[in-house]
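The values are calculated or read from the model by the stated rules, or taken from the named source; none is laboratory data. This structure is a prediction, so every number in the text was calculated from the model and none was measured. All Cβ positions, glycine included, derive from the backbone under ideal geometry; neighbour counts span all protein chains shown. Remember, those area values only see protein heavy atoms, side chains included, never the ligands or the DNA or RNA. Shrake-Rupley method; radii C 1.70, N 1.55, O 1.52, S 1.80 Å.
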Amino acid sequence: MRQRVRKGILVFSMLMFPLTFFFLSPFVIVLSAAKGILNGSAMVFGLLLLFSIFSSRIFCGWLCPGGALQDYVSAANNRKWNSKGKNLSKYIIWTVWLSFIVFLWMRNRPLKGNFLYLVNIDQQYIIIYAIVMSVIYLFTLLTGKRGMCHSLCWMAPFMVTGEKFADLLHIPRFRLKSVPDACVSCGKCSSVCPMGLNIAEMVKSGIDSSECINCLECADSCPKKAIRFGIGQKQR
Ligand code: SF4
Ligand code: SF4
């Protein structure tokens, strides 16, 4: 039931993406910063960072329209993402991108807030939207399970930063917990993970992955209830 609700929310989010696109855009924030404006996407990214201190990456697993699209593409290519070193790319891109935005903010002070800045649904916008959706579609088709989340997403590092901040200050946050003695190594949890994580292996040593999007597919599919979840600190 929970997974049906989650997938329903994701479908709704994907349908609303033509309207929410501006507020999740990595480009509109740059154009706005160049004019000294804190736009909607700057505010949303800031909120995502704050939200993740307590809720980890729930946004990615339950709300992200780009993630929803990738989950549907995964039906055509269910290959697991080969993460060796490649997850780093999103942090490198994010650092360069965010540094440039901060530079523009500093140069164009004082900043003015305008949530709807550059929001304009016209023909040019529809073309840009179609190109972005096609890129997400093709990239995931080539790379496999949530390939963009792993390697390119500009929003994930905000949430991973929130998670690390919470762990550093010992703030309890939403996380998975394993019961290793209950696990019978059936591998079901790993096979349903939309991020392609080897969660069955992590159950033995304690679950702690910044790539986990807290979708709870693994917990819901485990026949032995060896994966639980709740608010807490890192499992020892
Ligand atoms: S589904 Fe449950 S029992 Fe099976 S490997 Fe995963 S944690 Fe272990
Ligand atoms: S490890 Fe579990 S909660 Fe995390 S992304 Fe995979 S299936 Fe979802």
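Using only the heavy atoms of the protein chains and a 1.4 Å probe, how would ASP208, ASP71 rank by accessible area, largest first?
Working: ASP208 70, ASP71 40 Å².
So the residues, ranked largest to smallest area, are ASP208, ASP71.
What's the local net charge at SER74, with K and R +1, D and E -1, over the other residues with C-beta under 14 Å away? Let's see the in-between values first.
Working: positive: LYS7, ARG79, LYS80, LYS145, ARG146; negative: ASP71, GLU217.
Its environment carries a net charge of +3.
Suppose every Lys and Arg Cβ carries +1 and every Asp and Glu Cβ carries -1, with no other charges. What dipole size does the chain come out with about its Cα centre, to the nearest 20 debye?
So the dipole magnitude of the chain works out to roughly 440 debye.
From the backbone phi of region 187-202, what are the Karplus-calculated ³J(HN,Hα) couplings (6.51 cos²θ - 1.76 cosθ + 1.60, θ = phi - 60°) in whole Hz, Gly and Pro given as x?
x, 4, 4, 5, 5, 9, 4, x, 8, x, 7, 8, 5, 4, 6, 5
With no other cysteine's Cβ closer than 4.7 Å, which Cys residues of the chain count as lacking a disulfide-compatible partner?
Taking the Cβ cut-off of 4.7 Å, the unpaired cysteines of the chain are CYS60, CYS64, CYS149, CYS153, CYS183, CYS186, CYS193, CYS212, CYS215, CYS222.
Can you tell which of MET43, SER56, LEU31 lies farthest toward the positive end of the dipole of the chain, using +1 and -1 charges on the Cβ of basic and acidic side chains (Lys, Arg; Asp, Glu)?
About the Cα centre, the residue reaching furthest to the positive side is SER56.
List the residues whose amide H sits under 5 Å from the amide H of LEU38, counting only those 5 or more places along or on another chain, with H placed 1.01 Å from N in the peptide plane.
LYS112, GLY113, ASN114
How many angstrom separate the Cα center of region 6-63 from the Cα center of region 134-187?
Using only Cα atoms, the two centres lie 17 Å from each other.
Pick out, from HIS170, MET106, TYR137, the residue whose Cα sits farthest towards the positive end of the charge dipole of the chain, with +1 on the Cβ of Lys and Arg and -1 on the Cβ of Asp and Glu.
HIS170
Given the C-alpha centroids of region 192-219 and region 86-121, what is the distance between them in whole angstrom?
Region 192-219 and region 86-121 have Cα centres spaced 31 Å from each other.
Given the DSSP H assignment, sum -39500 (n - 2.57) over each helix run of at least 4 residues in the chain and divide by its residue total; what's the result at 222 nm in deg cm²/dmol, nearest 500?
Rounded to the nearest 500, it is -17000 deg cm²/dmol.
With all protein chains present, how much of the accessible area of the chain (probe radius 1.4 Å) comes from carbon and sulfur, to the nearest whole percent?
On the way: 8580 of 12410 Å².
So the carbon and sulfur contribution to the accessible surface is 69 percent.
Would you pull out the residues with amide H under 5 Å of PHE174's amide H, same chain only if 5 or more places away, H placed 1.01 Å from N?
Correct list: SER55, SER56, GLY232.
Given the options SER205, SER190, SER13, state which has the largest fluctuation in a GNM of the chain using a 10 Å cut-off (strictly under) for Cα springs.
Judging by the Gaussian network model, the answer is SER205.
Which one of MET16, VAL96, ILE231 has its Cα pushed farthest toward the positive end of the charge dipole of the chain, where Lys and Arg give +1 and Asp and Glu give -1 at the Cβ?
ILE231
Among the lysines, select those whose C-alpha is under 19 Å from the C-alpha of LYS80, and discard any that sit fewer than 8 residues away in the same chain.
Of all the lysines, those that pass the test against LYS80 - Cα under 19 Å, at least 8 places apart if same chain - are LYS90, LYS145, LYS188.
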